[in-house]
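Take a look at the structure set out below.
Bear in mind that the values in this text are calculations on the coordinates, not laboratory data. What you see is a predicted model; the values in this text were computed from it and never measured. Because the Cβ atoms are built from the backbone with ideal geometry, glycine has one as well, and the counts that use them run over all protein chains shown.
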């Protein structure tokens, strides 16, 4: 992969130290968030000298950017693999929607600490914000496309809009539960499994709305 925010080494031994440094930084963020990430702690845990770290990155901010680029590349690939596994099952829409919603939920829950750290940093770092937004857009596209493979089963009059809206709403509710961007669980009173099940049913219901129901709902909201 490219290393846009660091000076990646070319020699095998140096590359191994560099990878160990990034892996360690990811572990630290997962353990204690960005507050726990210092170059000294990365050096101690990874057994890479401070001098060697500064040969690769100019600052802690540059290290965070490099870690985000690495982590989100791996996460985007992971989500794409999950989507393809679901795709190969050839599920009808009524089974597909709850299944892909649950896969998204479990994916976000697995990576909640890392995503939360990047979202908090994004408020003060436009580079972090831009990279994070691109990753979100890729997840949204993967989610939308698998739903659209069953667009013939939709009753909503605008399949692309409906599929995209499902992702936006589901992601937003899951992010709120997981406390993404606010530093911790924001919706601790909700039952996780119940929430995921409900979101799957709500998304399915939205896709199966008759055209007349959609128009009527729109007029009622005016």
Item to check | Sequence of 17, 124 once ranked by neighbouring C-beta atoms within 10 Å, starting from the fewest | outcome: 124, 17
Checklist entry - Given labels modelled 7 Å from the Cα in the Cβ direction, how far is it in nm from residue 49 to residue 109? => result 4.6
Checklist entry - What FRET efficiency comes out for the pair residue 19/residue 130, r = Cβ-Cβ distance, R0 = 22 Å, nearest 0.05? => result 0.35
Checklist entry - Once you put a point 7 Å from the Cα of residue 197 and another 7 Å from the Cα of residue 155, both along the Cβ direction, what distance in nm separates them? => result 2.3
Checklist entry - By counting other Cβ atoms within 10 Å of each Cβ, how are 55, 173, 166 ranked from fewest to most? => result 55, 173, 166
Next on the checklist: Take residue 27 and residue 78, extend 7 Å from each Cα along the Cα→Cβ direction, and tell me the distance between the two endpoints in nm.
Outcome noted: 1.6
Item to check | Linear extension gain, residue 60 paired with residue 141, 0.36 nm per residue minus alpha-carbon span | outcome: 26.0 nm
Checklist entry - How long is the gain from residue 87 to residue 165 if the chain were fully straight, where each residue apart is worth 0.36 nm and the alpha carbon distance is subtracted? => result 26.1 nm
Checklist outcome for this item: Listing 198, 125 by rising number of other beta-carbon atoms within 10 angstrom, fewest first, gives 198, 125
Checklist entry - Size of region 68-220 along its principal axes in angstrom, Cα-based, largest extent first? => result 45, 36, 29
